[in-house]
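All remarks here apply to the structure that follows.
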Amino acid sequence: MFSSPARSRRIWPFGLIAVIALVVGLWFGGHPGWLPSPLRSVFVSQTTSERRVQQVLDLISRDYYRKVNTRGLVSVGLEAAVASLHDPYSHYIPPSGYKSFENETNPRDSGIGIYVNVANPPKNGLGVTGVIPKSPAAQAGLVTGDVITAVGPTSLKGHTSKFDAYLIQGRAGTPVQLTVQTAHGPRRVRLMRANITVPQADSRLLHTHGLKVGYLAYAGFTQGSAGQLKAQLQKMLHQGAQGLILDLRDNGGGLLEEAIKVASLFIRDGTIVTTRGRSQPTIVYTALGHPLAPSIPMVVLVNRDTASSAEIVTGALKDRGRAEVVGTNTYGKGVFQEIQNLPGGGALDITVGEYFTPNGQNLGGGGVTEGRGIRPNVYVPANSRSPGRTLQVAERVLAAKIR
């Protein structure tokens with residue numbers, strides 16, 4: 001790509017939320033078909049309740065001392081309703097922010113050119129895990145490890161990475177001012193947003209232990225990203241790679257269909273992942289067939305920020321005995337989301353089920369609670385003083401597998 005108020009100032013939002021909830025109940029109670037089934041029951045009430053909500057809406061529209069934007073009330077109320085689920089992965093995306101949300105799964109982006117920590121973000125802002133060369137962020141001197149703590153006057157403390165992205169992204173050619181916490185202290189930078197094609201996959205041939213090793217870096221499961229990884233894999237194989245290292249560190253996941261395609265590059269057949277939901281049948285996703293590298297020795301690099309679709313791929317490769325996993329335990333996300341478009345723009349990105357690795361393991365801690373994740377075959381503690389150590393260990397593990 002992102003002082004505690006006095007006690008008396010905490011009281012009024014609850015009254016406002018109550019009014020908003022009534023407005024939202026009226027709006028969607030009369031239009032239940034506009035909502036996905038998981039939330040439909042929240043808003044569909046008995047006739048008496050509907051009349052009560054209708055009366056409140058009428059009174060607000062007619063008697064409130066100033067004109068009220070009913071659509072705005074509905075939008076804020078939906079955010080409050082979804083927030084009441086206490087699910088860090090479920091969000092209501094208002095029409096004004098939907099375009100920015102779509103950019104998260106589309107490699108074409110209008111922004112500043114950074115990769116961010118989605119799985120385990122810092123509490124005080126948005127963690128930068130990578131910077132795209134020649135992007136506005138690179139030209140402004142942003143580097144991996146920086147934390148964006150504010151966008152303009154708005155602090156990012158306590159907000160989700162998606163909220164942060166809404167503020168940072170925008171029309172190409174428009175300015176954005178960021179407050180950035182660096183290793184040397186805070187600084188403010190002013191950047192000009194640009195249209196950026198975000199590469200999700202890269203590769204290079206390593207010469208280690210007398211062997212040729214294809215190193216594949218994969219940043220995120222955005223639309224079409226599996227095709228990018230496939231092209232890099234073909235390049236490594238063409239250059240004579242005798243083994244592969246797939247680096248999924250800091251990969252926060254993305255689209256499930258891309259995860260199936262990525263795993264299918266390395267697995268010949270059989271189960272990749274199984275999903276189960278309350279309102280949908282159990283689905284077993286299997287390898288697509290015709291893998292490019294079904295047997296070449298392989299290692300997967302992971303860390304605490306390897307999550308979601310990245311865990312699905314890692315779990316499939318590990319459970320099927322296709323690859324050794326090197327690094328730390330992964331994030332531990334055991335649920336998946338679906339995006340439900342709403343009339344008039346906007347959408348719901350809500351948790352609809354759980355997923356299980358080929359061995360039947362759910363990586364979460366129960367529901368939307370963070371779990372233990374995937375335990376690596378070879379544990380290498382994260383060390384900021386020696387960031388290359390995990391790769392060095394992976395090279396040794398892979399060399400032993402090749403020989």
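The values are calculated or read from the model by the stated rules, or taken from the named source; none is laboratory data. Computed from a predicted model, the values in this text were never measured in an experiment. No Cβ is skipped: glycine too gets one built from the backbone with ideal geometry, and neighbour counts run over all protein chains shown. Only protein heavy atoms, including side chains, enter the accessible area calculation; ligands, DNA and RNA are left aside. Shrake-Rupley method; radii C 1.70, N 1.55, O 1.52, S 1.80 Å.
At-a-glance table
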read-out: Accessible carbon and sulfur surface of region 278-403 relative to its total accessible area, %, 1.4 Å; value: 45
read-out: Accessible-area ranking of Y379, Y285, largest first, probe 1.4 Å; value: Y379, Y285
read-out: Region 246-355 - accessible surface per residue (Å², probe 1.4 Å); value: 34
read-out: FRET E, pair Q242, K157, Förster distance 35 Å, beta-carbon r, rounded to 0.05; value: 0.15
read-out: If the convex hull is drawn through the Cα atoms of region 359-403, its volume per residue in Å³; value: 92
read-out: Local electrostatic count, T357, Cβ distance below 15 Å [Lys/Arg +1, Asp/Glu -1]; value: +4
read-out: Estimated inter-spin distance, A400 and L211, nm [label 7 Å along Cα→Cβ]; value: 1.1
read-out: Percent antiparallel among DSSP beta bridges (both partners in region 181-333, rounded to 5); value: 50
read-out: Separation of alpha-carbon centers, region 203-276 and region 332-381, rounded to whole Å; value: 20
read-out: In nm, spacing of pseudo-spin labels at T369 and S84 (7 Å Cα→C-beta vector); value: 2.3
read-out: Apportionment of accessible area to carbon and sulfur, region 105-219, percent (1.4 Å); value: 54
read-out: Within-12-Å neighbourhood charge of K230 [Cβ basis; K, R +1; D, E -1]; value: +1
read-out: Estimated inter-spin distance, Q54 and V68, nm [label 7 Å along Cα→Cβ]; value: 1.7
read-out: Rg and Dmax of region 157-208, Cα atoms only, in Å; value: 15.9, 46
